[in-house]
1. Name every residue in the range 152-178 that is open to solvent by 20 Å² or more (accessible area, probe 1.4 Å) and within 19 Å of the chain's Cα centre (by Cα), in order of residue number.
2. Would you check if there is a residue in the range 101-114 being open to solvent by less than 30 Å² (accessible area, probe 1.4 Å) and basic (K, R)?
3. Please find, within the range 38-70, the residue that is nearest to A146 (Cα to Cα) out of those that are open to solvent by less than 20 Å² (accessible area, probe 1.4 Å) and either touching a residue at least 60 places away in the same chain (Cβ under 8 Å) or part of a loop (DSSP other than H, G, I, E, B) (or both).
4. Name the residue that is farthest from T150 (Cα to Cα), counting only residues in the range 82-100 that are among the β-branched types (V, I, T) and surrounded by 14 or more Cβ atoms within 10 Å (Cβ to Cβ).
5. Look at N54 and say whether it is more than 20 Å from A84 (Cα to Cα), polar (S, T, N, Q) and at pLDDT below 95.
6. Out of the residues in the range 1-37 that are small (G, A, S) and open to solvent by less than 20 Å² (accessible area, probe 1.4 Å), which is modelled with the lowest pLDDT?
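The values are calculated or read from the model by the stated rules, or taken from the named source; none is laboratory data. Just so we're clear, the structure is a prediction, and the values are computed from it rather than from any experiment. Backbone-built Cβ (ideal geometry, glycine too); neighbour counts: all protein chains shown. Surface accessibility is based on the protein's heavy atoms, side chains included, excluding ligands, DNA and RNA. Shrake-Rupley method; radii C 1.70, N 1.55, O 1.52, S 1.80 Å.
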Amino acid sequence: MREGDRPDRCAVLISGYAFRHKLTGEGARQIISIHIPGDALDFQNLFLGEADHNVQMLTRGLVAEIPSHAIEELALSNHDVNRAILVSTLVEASIFREWALNIGRRDARTRIAHLLCEFAYRLTAYGVKPSGTYELPMTQEQLADATGLTAVHVNRVLQSLQREGLIDRDRRMVRFPSWERMRDVADFNPRYLHTREFHGSETLT
């Protein structure tokens, strides 16, 4: 989806990863969220007629497209579906607030660590534990665009986190030797992800 589009369908990510981003007038990109399988990519367009940002695949994947009018009709006739759409939209807003805090008030080391923790925590819904190994499907340039840094700075921070024993990396594979230490360095509290709303209880502490 491109900024300015008037989509008549809503997309749900079945597999792979996607991201939202905005562009400045000069073409500089700011990534504003990362999406994992199961995420709806544009519920907001049920209510707003024109897209105000871009949605792009981060990796190869599968997307289900559902006509907007069909979702609207289902939401009006089914309380649970209506509530799920509302909760999904509110949680997205909560994540955006945390990302604004991350970029605006945390230093580079904490920003990168926080993004890595968020990604790992959200993947727990798919059976990945924070101390386990997962694939981070982002280049250093994309990490830079998500954290307001340069790719060179991101590389330095990742190397520093690795030297400190906070992460192990093998190309795009990432592992946290100690989830507790990494969480503290990242200033990470998963409250803003509202996992109880989706799963009934938090999977991690």
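1. Narrowing the range 152-178 to residues open to solvent by 20 Å² or more (accessible area, probe 1.4 Å): 152-153, 155-156, 159-160, 162-165, 168-173, 175, 177-178.
Residues satisfying the conditions are R172, M173, R175.
2. yes
3. By that ranking, first place goes to H53.
4. I85
5. yes
6. First, pick out the residues of the range 1-37 that are small (G, A, S): 4, 11, 15-16, 18, 25, 27-28, 33.
From what is left, the residues that are open to solvent by less than 20 Å² (accessible area, probe 1.4 Å) are 11, 16, 18, 33.
On the way: A11: 91, G16: 95, A18: 96, S33: 95.
Only one residue tops the list, namely A11.
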